[in-house]
Amino acid sequence: MMPVELKILALGALLLFVYIFTATRFKTAQYGRDWNVSARDQELPPPNPVAGRTIRAQANFLDTFPIAIIALLGVVVAGRTSQWTALGGWVWLGARLVYLPLYAAGVPVVRTVVWTIGMIGLGVVLWPLLFG
């Protein structure tokens, strides 16, 4: 049976597609379909607030996803999976799922709390690799 941590990682990769397509959708809405299918060489005006927030949310996901990959794959390779690493992975994934709409809507403070909860989840996954 496949470790749940690998399923969480695969779902995280799927969620990355959601982040990418969400940012692209709002950029395309602002800059147009011609921009979307172009080489994107031209200078563009700054993104509108929603497009900017989805772009930043995507960048934030890309900043933290390598940590999730190392943590989740690491516990599987090291044979250190447990109910705690699974729980930490689910907490991370759930937080990342909630983070995108919060950021897109411009919700302050709560968004940061959700990001922190996700990072705590990753900390739980990393713990047995660092101290177990």
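The values are calculated or read from the model by the stated rules, or taken from the named source; none is laboratory data. Everything numeric in this text was worked out from a predicted model, so none of it was measured. Backbone-built Cβ (ideal geometry, glycine too); neighbour counts: all protein chains shown. Just so you know, the surface numbers come from the protein's heavy atoms only, side chains and all, with ligands and any DNA or RNA stripped out. Shrake-Rupley method; radii C 1.70, N 1.55, O 1.52, S 1.80 Å.
Miscellaneous remarks
- Search result, residues across region 38-60 that are farther than 11 Å from Y103 by Cα and under 25 Å from the mean Cα position of the chain (by Cα): R40, P46, P47, N48, A59
- Filter result (closer than 15 Å to R53 by Cα, among the hydrophobic types (A, V, I, L, M, F, W, C) and open to solvent by less than 30 Å² (accessible area, probe 1.4 Å)) within region 91-104: L100, A104
- Filtering region 80-90 to residues that are surrounded by 15 or more Cβ atoms within 10 Å (Cβ to Cβ) and over 16 Å from A13 (Cα atoms) leaves R80, T81, S82, W84, T85, A86, G88.
- If you go through region 51-66 and keep only what is surrounded by 16 or more Cβ atoms within 10 Å (Cβ to Cβ) and touching a residue at least 12 places away in the same chain (Cβ under 8 Å), you end up with A51, R53, T54, I55, A57, Q58, N60, F61, T64, F65.
Residues checked against (1) in contact with a Ser or Thr (Cβ under 9 Å, 6 or more places away or on another chain); (2) surrounded by fewer than 15 Cβ atoms within 10 Å (Cβ to Cβ); (3) not basic (K, R):
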position: M2; (1), (2), (3): no, yes, yes
position: E5; (1), (2), (3): yes, no, yes
position: L9; (1), (2), (3): no, no, yes
position: L14; (1), (2), (3): no, yes, yes
position: F17; (1), (2), (3): no, yes, yes
position: F21; (1), (2), (3): no, yes, yes
position: F26; (1), (2), (3): yes, no, yes
position: A29; (1), (2), (3): no, yes, yes
position: V37; (1), (2), (3): no, yes, yes
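- Just one residue in the set V107, V77, V113 is among the aliphatic types (A, V, I, L, M) and open to solvent by less than 60 Å² (accessible area, probe 1.4 Å); that residue is V107.
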